[in-house]
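Chemist: Structure incoming, see below.
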Amino acid sequence: MKIEIVEASLRHSEDDGYIGKLILAVEGHSQEYEMTLHSKKGRDWGYGLFFREGSGDEEQLLTLEDEIEENDELFYRLIGAVKEMSPI
């Protein structure tokens, strides 16, 4: 699966911890995705994956989510992209 990181950003606050945002384009998918990453201390990360604009092909979203869940290298690459915006 070919995934392009279109945009990445990261913000931090004492209350919320680290919140990263990625815009992802996936080859063959009908639209882009928004991924939000969250970590209280910058070590253990959780995420949410959404269609960037409105609803879309649910099967494509689930395929991407499965790839993120099963491919640690990809997940750490996505985390690394937001960390580059503001080193932790």
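Chemist: Please work out which residue is modelled with the lowest pLDDT, limiting yourself to the range 1-45 and to residues that are of a type in the set (Gly, Ala, Ser) and exposed (fewer than 13 other Cβ atoms within 10 Å of the Cβ). Step through it out loud before you land on a result.
Modeler: Let us first name the residues in the range 1-45 that are of a type in the set (Gly, Ala, Ser), namely 8-9, 13, 17, 20, 25, 28, 30, 39, 42.
After this cut, where a residue has to be exposed (fewer than 13 other Cβ atoms within 10 Å of the Cβ) as well, the list is 13, 28, 30.
On the way: Ser13: 90, Gly28: 96, Ser30: 93.
My answer is Ser13.
Chemist: Could you grab me the full set of residues in the range 30-67 that are basic (Lys, Arg) and out of contact with any Asp or Glu (no Cβ under 6 Å at 6 or more places or on another chain)?
Modeler: Across the range 30-67, the qualifying residues are Lys40, Lys41, Arg43.
Chemist: Which pairs turn up if I take residues in the range 62-85 that are within 18 Å of Lys41 (Cα to Cα) and look for partners that are in a helix (DSSP H, G or I) with beta carbon separation below 6 Å, at least 6 apart in sequence or on another chain?
Modeler: Phe75/Ile68
The values are calculated or read from the model by the stated rules, or taken from the named source; none is laboratory data. Bear in mind the structure is a predicted one, so any value in this text is a computation, not a measurement. In this analysis, Cβ positions are derived from the backbone assuming ideal geometry, glycine residues included, and neighbour counts consider all displayed protein chains.
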